[in-house]
Amino acid sequence: MKKKILFSILISAILFYSCGNDPIPKPKGMLRLEFPEARYNAISDKCPYTFQKNIKAEVAIQKDCSMTLQYPEMNASVFITYKPVANDLDILLRDAQKLTYEHVAKADNIQEQPFVNPEDSVYGMFYQVTGNAASASQFYVTDSIHHFLTGSLYFNSKPNYDSVLPAAKYLEEDIRKIMESLRWK
């Protein structure tokens with residue numbers, strides 16, 4: 001008899017504690033990444049060009065005036081390559097376009113946006129790459145006579161467009177600033 005009473009009390013306690021507030025589903029939420037407002041300063045080196053770069057970017061300049069802008073907070077890098085034009089502008093243009101369109105297998109779309117700054121002799125193309133391609137943005141600029149510069153944005157992670165989209169948009173503005181502020185020496 002004592003076992004039945006003890007068992008009944010135990011069952012009643014379990015039922016009493018298990019009853020309570022009904023579970024409420026959590027509202028849908030989206031990840032919101034906020035990046036600091038971009039501030040820029042000039043890169044001025046012995047290289048035959050200068051431009052404005054985000055102060056958050058760490059710069060590594062090579063001997064041939066190519067450079068890497070690293071964004072440690074976003075795990076991303078913009079690789080910039082400089083080539084002097086030596087009667088090979090057609091080859092340099094084809095190589096820059098080929099590099100961009102190698103991503104077409106994984107990209108959903110590649111949008112071309114021409115860039116023209118005749119006052120400073122800067123002409124080029126900005127490529128916005130959407131989808132799970134390795135590079136989210138690419139560009140080239142030239143004065144068509146002496147200088148040719150290409151750039152590519154890469155994230156140091158497996159391509160996942162939805163995950164890197166906020167950072168890619170932020171860095172896209174930095175790349176546009178590079179193109180707009182570029183001056184040949």
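Within the stretch 148-171, does at least one residue satisfy the condition of being under 21 Å from Y49 (Cβ atoms) and of a type in the set (D, E)? No, the stretch 148-171 contains no residue that is under 21 Å from Y49 (Cβ atoms) and of a type in the set (D, E).
The sole residue among Y49, Y82, Y40 that is modelled with pLDDT of 95 or more, of a type in the set (S, T, Y) and in contact with a helix residue (DSSP H, G or I) (Cβ under 7 Å, 6 or more places away or on another chain) is Y40.
In the set (1) crowded, with 16+ Cβ neighbours inside 10 Å; (2) under 15 Å from the mean Cα position of the chain (by Cα), M125 fails one condition alone, (2). Would it be correct to say that D90 is surrounded by fewer than 20 Cβ atoms within 10 Å (Cβ to Cβ), charged (D, E, K, R) and outside any strand (DSSP E or B)? Taking the combined requirement at face value, the residue satisfies it.
Table: residues versus (1) surrounded by 22 or more Cβ atoms within 10 Å (Cβ to Cβ); (2) modelled with pLDDT under 95; (3) assigned to a strand (DSSP E or B).
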position: F139; (1), (2), (3): yes, no, yes
position: S157; (1), (2), (3): no, yes, no
position: D162; (1), (2), (3): no, yes, no
position: P166; (1), (2), (3): no, yes, no
position: E173; (1), (2), (3): no, no, no
position: R176; (1), (2), (3): no, no, no
position: E180; (1), (2), (3): no, no, no
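Considering the conditions (1) out of contact with any helix residue (DSSP H, G or I) (no Cβ under 8 Å at 6 or more places or on another chain); (2) closer than 20 Å to I91 by Cβ, K158 is excluded by exactly one of them, (2).
Among the residues of the stretch 97-116, those identified as at pLDDT 95 or above and either more than 18 Å from M179 (Cβ to Cβ) or of a type in the set (A, V, I, L, M, F, W, C) (or both) are F115, V116. Filter the stretch 33-53 down to residues that are more than 19 Å from L182 (Cα to Cα) and in contact (Cβ under 8 Å) with a residue 24 or more places away in the chain and give me whichever is surrounded by the fewest Cβ atoms within 10 Å (Cβ to Cβ). Step by step, filter the stretch 33-53, then rank; the result is L33.
Please determine whether any residue of the stretch 54-63 is assigned to a strand (DSSP E or B), under 16 Å from G151 (Cβ atoms) and in contact (Cβ under 8 Å) with a residue 24 or more places away in the chain. There is at least one residue in the stretch 54-63 that is assigned to a strand (DSSP E or B), under 16 Å from G151 (Cβ atoms) and in contact (Cβ under 8 Å) with a residue 24 or more places away in the chain. Identify all residues within the stretch 93-126 that are on the phi < 0 side of the Ramachandran plot and assigned to a loop (DSSP other than H, G, I, E, B); write none if there are none. Within the stretch 93-126, K106 is the sole residue that qualifies.
The values are calculated or read from the model by the stated rules, or taken from the named source; none is laboratory data. Because the structure is a prediction, the values reported are computed rather than measured. Heads up, the Cβs are rebuilt from the backbone with ideal geometry, glycines too, and the neighbour counts pull from every protein chain shown.
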